[in-house]
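Novice: Handing you a structure now.
The values are calculated or read from the model by the stated rules, or taken from the named source; none is laboratory data. Note that the coordinates shown come from a computational prediction; the quantities given were computed from them, not determined experimentally. Reconstructed Cβ throughout: ideal geometry from the backbone, glycine too, with neighbour counts over all protein chains shown.
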Amino acid sequence: MHPYLRGALADAHARDLRGLAGPWPWRLLRRRRRAAAALPGPPPAEVRIRWAFADDTRALVRLAAGTGDRPPRAPVLLAEVDGHVGAALSLCDGRAIATAAGPGAEALDLLAVRASQLGPASRAAAPHWRSYH
């Protein structure tokens, strides 16, 4: 087959496929965003992931007491949910603690994802502190 004919057939086929798909529904997408923004219910929780420092010891002990476990060993990633410590993950041994239900338990998944993104250099630079005793 001649190269120009092959190109013309490919262009015609692509136009046919675009015609079958129809135009992109931008207006429909905008409507969905507005509808999602107007859904009733509680606002989504604000989650902040950060390193734990020595002054977070009390919050970690409180969180661990609520779960019946001991606090995780440093270095620790924290998930603050609406300004309160909701979950913690030790990068030393992988132990995790979180509030029993609600956004704290969901934040634990975010901590696991963030921990998997951290490389050895950032783990070495993480803040370490003494035991909780």
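Novice: Using the structure shown, decide if LEU28 is part of a helix (DSSP H, G or I), of a type outside the set (Gly, Ala, Ser), exposed (fewer than 10 other Cβ atoms within 10 Å of the Cβ) and at pLDDT 70 or above.
Specialist: No: the conditions fail for LEU28.
Novice: Turning to a different aspect of this structure: Quick one: is GLY86 at pLDDT 90 or above, within 27 Å of PRO44 (Cα to Cα) and touching a Ser or Thr at 6+ places or on another chain (Cβ under 7 Å)?
Specialist: The answer is yes for GLY86.
Novice: Only one of these conditions is not met by GLY66: (1) modelled with pLDDT under 90; (2) more than 19 Å from ALA107 (Cβ to Cβ). Which number is it?
Specialist: Single failed check for GLY66: (2).
Novice: May I pose another question? Please specify each residue of region 45-88 satisfying the condition of being assigned to a helix (DSSP H, G or I) and in contact with a strand residue (DSSP E or B) (Cβ under 7 Å, 6 or more places away or on another chain).
Specialist: Hits for region 45-88 are ASP56, ALA59, LEU60, LEU63, ALA64, THR67.
Novice: Still on this structure, please answer the following. So is SER131 among the polar types (S, T, N, Q), out of contact with any strand residue (DSSP E or B) (no Cβ under 8 Å at 6 or more places or on another chain), at pLDDT below 90 and not assigned by TED's automatic domain parsing to the domain that holds THR57 or not?
Specialist: yes
Novice: Here's something else I'd like to know. In region 89-107, which residues are outside any loop (DSSP other than H, G, I, E, B) and under 25 Å from ALA121 (Cα atoms)?
Specialist: Across region 89-107, the qualifying residues are LEU89, SER90, ALA96, ILE97, ALA107.
Novice: Let me ask another. Filter region 61-81 for residues that are in contact (Cβ under 8 Å) with a residue 60 or more places away in the chain and surrounded by fewer than 21 Cβ atoms within 10 Å (Cβ to Cβ) and give the result.
Specialist: Within region 61-81, VAL61, ARG70 qualify.
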